[in-house]
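Heads up: the structure comes next, in structure tokens.
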Amino acid sequence: MIREADDELTIFERSRAGRRAFVAPSLDVPERPLDELLAPALRRAEPPRLPEVAEPEIVRHFTRISKRNFDLDTGFYPLGSCTMKHNPKLHERIAALPGHAHLHPLQDPARAQGALELMWRLQQALGELAGLPHVSLHPSAGAHGELAGVLLTRAFHEDRGEHRSKVLIPDTAHGTNPATVTMGGYHVVAVGTDTQGNVDLDDLRAKASDDVACLMLTNPSTVGLFETGIEEIERIVHGVGATLYYDGANLNAIMGISRPGDMGFDIVHFNLHKTFTQPHGGGGPGAGPIAVSERIEPYLPRPQVVRRGGGSDEADAVYDLDYDRPKSIGRLRGFQGNYGVFVRSYAYIRSLGAPGLREVSEIAVLNANYLLAKLRQEGVLEYLPAAYDRLCMHEFVLSGAPMKRELKIRTLDLAKRLLDFGVHPPTVYFPLIVDEALLIEPTETETKETLDRFAERVAAILREAREDPEIARGAPHTTPVRRLDEAGAARRPVLRQRF
Ligand SMILES: *Cc1c(COP(=O)(O)O)cnc(C)c1O
């Protein structure tokens, strides 16, 4: 590739006074003094400093930057717990239809019947998948769904005159779980994991007391295993009057096969951006709807999307926003949620149908088990053994401890070296209970050849490390930026840069 000499310039460095990419049309309404339109006190003292560039420069600048990102449309992205599955492009076309894209959030419900119907139908589909009938689309992400769940739990107990102070969380949990519980005003009590990778039932029994408000559980867990003791867990937790919260980030493994509601959970969140497709690598909009049981329903956020009338004749149905919910925990956000995400997820659910969603989960689990077997066949597990040697669900955890000891490279080095081969690294150093952890989630949308190549690539990196560990330790070598000081970025962030 021939690199332009000015490849690295920022858009501010390209700026030349007076240069423009856009010419406003001439004024076709009567001119009025600016002071009449906007009081001087509300205006800036000086014009903002914006780059002044020509249109092709804008296009080239942002196109060039976009090519420096790693993304799912470029390569394999087995980031555990994040479900980086392919996002069908059809969804973008549907979300961009003017009726969806131009809908004003303050539109009168009578004039937004199609959008409300889509939201209502999405609620029905999610409720069916969860095995819990009442759904709110308010939360904007999984973590926001967790917060909703904690607030619902509090409302539920307080309505009964109970004040409970603790929430139990397994030590394998995602970091958002304890963070949410703390934000919700509860104390976190960690529950241990047994040697099989399940919740330690003895520890759970010892910690389940009548001041526990809730158990927050991910199932399959973040170590990629289905809790074999889920029925006993339900008995223990409900036995002390606490609620059961299901972190649905791993729902991709069980759709149409088992349902949190049937396992006894009271509240579930979905990560629509994980299980139900939505580009989400860059922290873009997501959605974390919740589904709840009958006894939690009165407290759901307000307003709820409801259908009135219609009965057997759907043509008569009217969709509306219901604010008349006296026990509601209230609003969690402005407007009705991240509507574009709803459109994409609904398109996904409708294009696959119930049998298709079940097949998604079956293949997600098959792919993960295939990849684990392939890594074993390639000799990788000798240095990176599976943390728990069991049939996995849609993801699995390896421990890089022997690799670090024998080959002198760490999990981080292996991850960085994968970047040189166009592979996004798996999740590293999570879950916290596994030394030098590597959490691998291939998803159902990858081909056998992609999985084979990944396994062969990891094996090749291990062989290379045996010869010369410095190569992996200095990786990546081919990316636009090399190894970053990640601790420095977290501890001394530079949040303002003046050009
Ligand atoms: C992703 C994830 C979350 C948080 O979800 P966000 O949508 O990122 O807020 C919670 N728990 C688990 C297990 C996750 O993987």
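The values are calculated or read from the model by the stated rules, or taken from the named source; none is laboratory data. Computed from a predicted model, the values in this text were never measured in an experiment. Cβ coordinates were reconstructed from backbone atoms using ideal geometry, including for glycine residues, and neighbour counts include every protein chain displayed.
Quick notes on this structure:
- Helices (runs of 4 or more DSSP H) (entirely within region 355-473) containing at least 1 residues that are under 20 Å from PHE70 (Cα atoms) and at pLDDT 95 or above: 411-419, 448-467, 469-473
- The residues on offer are ALA213, ALA249, and the sole one that is of a type in the set (Gly, Ala, Ser), in contact with a Ser or Thr (Cβ under 9 Å, 6 or more places away or on another chain), more than 16 Å from the ligand (Cβ to nearest atom) and touching a residue at least 24 places away in the same chain (Cβ under 8 Å) is ALA213.
- Residue match in region 333-340 (condition: in contact with a Phe, Trp or Tyr (Cβ under 7 Å, 6 or more places away or on another chain) and either in a helix (DSSP H, G or I) or under 27 Å from PRO220 (Cα atoms) (or both)): no
- The residues in region 58-98 that are at pLDDT below 95 and more than 21 Å from the chain's Cα centre (by Cα) can be counted, and the count is 11.
- Flag if THR153 is in contact with a strand residue (DSSP E or B) (Cβ under 9 Å, 6 or more places away or on another chain), in the same structural domain as LEU272 (by TED's automatic domain parsing) and within 16 Å of the ligand (Cβ to nearest atom): no
- The set of residues from region 161-188 being β-branched (Val, Ile, Thr), surrounded by 19 or more Cβ atoms within 10 Å (Cβ to Cβ) and closer than 22 Å to GLY241 by Cβ comprises VAL167, ILE169, THR180, VAL181.
- Some residue of region 160-168 being in contact (Cβ under 8 Å) with a residue 24 or more places away in the chain and of a type in the set (Asp, Glu): yes
- Residue check, LEU126 buried (at least 18 other Cβ atoms within 10 Å of the Cβ) and farther than 26 Å from ASP262 by Cβ: no
- Members of region 255-305 that are more than 16 Å from the ligand (Cβ to nearest atom), closer than 19 Å to GLY340 by Cα and not in a loop (DSSP other than H, G, I, E, B): GLN304, VAL305
- Residue in region 189-208 that is surrounded by fewer than 20 Cβ atoms within 10 Å (Cβ to Cβ), within 16 Å of the ligand (Cβ to nearest atom) and more than 14 Å from GLY248 (Cα to Cα) present: yes
- Number of the condition not met by GLY284 [criteria: (1) in contact (Cβ under 8 Å) with a residue 12 or more places away in the chain; (2) under 28 Å from LEU90 (Cβ atoms)]: (1)
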